[in-house]
Amino acid sequence: MEQIRTFVAIELDDSIKAGLTELQKRLKAEAPPGAVRWVRPDGIHLTLKFLGNVPASRIEEITRAIAGACRGFGPLSLSVGGLGCFPNSRRPRVLWVGVEEPTGALAKLQQAIEEALAGLGFPPEKRSFHPHLTLGRTQRRVSSGDVRRLGQLVEETEIGHLGRMEAKAVSLMRSDLKPTGAVYTRLAAIKLEGRESVS
């Protein structure tokens with residue numbers, strides 16, 4: 001049976017992707033050569049839930065569960081800016097840009113999706129939700145000096161506010177891992193229309 005590597009995400013506007021492209025150029029120029037595996041800007045998205053490999057036959061019920069979780073949520077205004085890394089700047093493994101949504105609706109939406117999918121047997125994420133856009137990951141065989149330099153670069157780089165976008169849909173995405181990097185395909189898009197369902 002076909003297994004599809006899937007995740008739930010909000011896709012980004014072209015203007016935000018353009019800002020991330022410029023930021024990556026700046027960081028690449030300063031980062032130790034070969035220290036980071038950069039994510040292609042057209043593949044950057046705001047992940048809400050990673051599902052891993054699921055049978056193709058379950059895509060429909062997963063889509064229905066996400067649609068149920070999205071009911072009652074309208075478009076979200078997202079603000080993108082601020083550079084950081086996980087787990088911290090002493091051991092930077094993932095370089096990211098932050099995403100803010102001041103009303104708390106994004107966190108509630110993510111929680112609703114988490115709960116809906118837990119009902120289908122997908123274990124809830126133990127770590128708290130920290131909305132971010134992954135720019136790149138530190139390569140495995142990087143010297144401790146390069147890791148230190150990378151952490152300093154993140155701490156010293158002021159990027160300010162990269163832009164704002166309105167998220168109007170949640171997407172169920174397919175991820176195919178290729179030697180050149182992951183290729184993403186949208187399997188379904190659930191609009192955030194803000195209408196309460198009539199019972």
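The values are calculated or read from the model by the stated rules, or taken from the named source; none is laboratory data. Being a predicted model, the structure only gives us computed values, none of them experimental. Glycine also receives a Cβ, built like all others from the backbone with ideal geometry; neighbour counts cover every protein chain displayed.
Considering only residues that are touching a residue at least 24 places away in the same chain (Cβ under 8 Å) and hydroxyl-bearing (Ser, Thr, Tyr), which ones fall in the stretch 1-55? Please lay out each step first, then the result.
Narrowing the stretch 1-55 to residues touching a residue at least 24 places away in the same chain (Cβ under 8 Å): 1-13, 15-17, 19-20, 23-24, 26-27, 30-32, 34-55.
Thr6, Ser15, Thr47 - these are the residues of the stretch 1-55 that are touching a residue at least 24 places away in the same chain (Cβ under 8 Å) and hydroxyl-bearing (Ser, Thr, Tyr).
Is there a residue being under 15 Å from the mean Cα position of the chain (by Cα) and either in contact (Cβ under 8 Å) with a residue 12 or more places away in the chain or not in a strand (DSSP E or B) (or both) anywhere in the stretch 153-168?
For the stretch 153-168, residues under 15 Å from the mean Cα position of the chain (by Cα) and either in contact (Cβ under 8 Å) with a residue 12 or more places away in the chain or not in a strand (DSSP E or B) (or both): present.
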Query raised in the report: Are any residues in the stretch 1-48 out of contact with any strand residue (DSSP E or B) (no Cβ under 7 Å at 6 or more places or on another chain) and among the hydroxyl-bearing types (Ser, Thr, Tyr), and if so, which ones?
Result: Thr21
**Report entry** Subset of the stretch 145-199 that is exposed (fewer than 15 other Cβ atoms within 10 Å of the Cβ) and hydroxyl-bearing (Ser, Thr, Tyr) - its residue that is nearest to Ile10 (Cα to Cα)
**Finding:** Thr185
Report summary line: Arg90 vs (1) surrounded by fewer than 20 Cβ atoms within 10 Å (Cβ to Cβ); (2) within 16 Å of the chain's Cα centre (by Cα): all pass except (2)
Query raised in the report: Pro124 versus (1) under 22 Å from Phe7 (Cβ atoms); (2) buried (at least 20 other Cβ atoms within 10 Å of the Cβ); (3) modelled with pLDDT under 95: which is the lone unmet condition?
Result: (2)
Requested in this report: Kindly indicate which of Glu125, Glu114 is acidic (Asp, Glu), out of contact with any helix residue (DSSP H, G or I) (no Cβ under 8 Å at 6 or more places or on another chain) and either in contact (Cβ under 8 Å) with a residue 12 or more places away in the chain or assigned to a strand (DSSP E or B) (or both).
Outcome: Glu114
Report task. Using the structure shown, decide if Val54 is touching a Phe, Trp or Tyr at 6+ places or on another chain (Cβ under 9 Å) and more than 23 Å from Arg137 (Cβ to Cβ). Result -> yes
Report summary line: Note on Val142: of the conditions (1) touching a helix residue (DSSP H, G or I) at 6+ places or on another chain (Cβ under 9 Å); (2) under 22 Å from Ile4 (Cα atoms); (3) at pLDDT below 95; (4) not polar (S, T, N, Q), unmet is (2)
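Regarding Ala65, is this residue modelled with pLDDT of 95 or more and under 19 Å from the mean Cα position of the chain (by Cα)?
no
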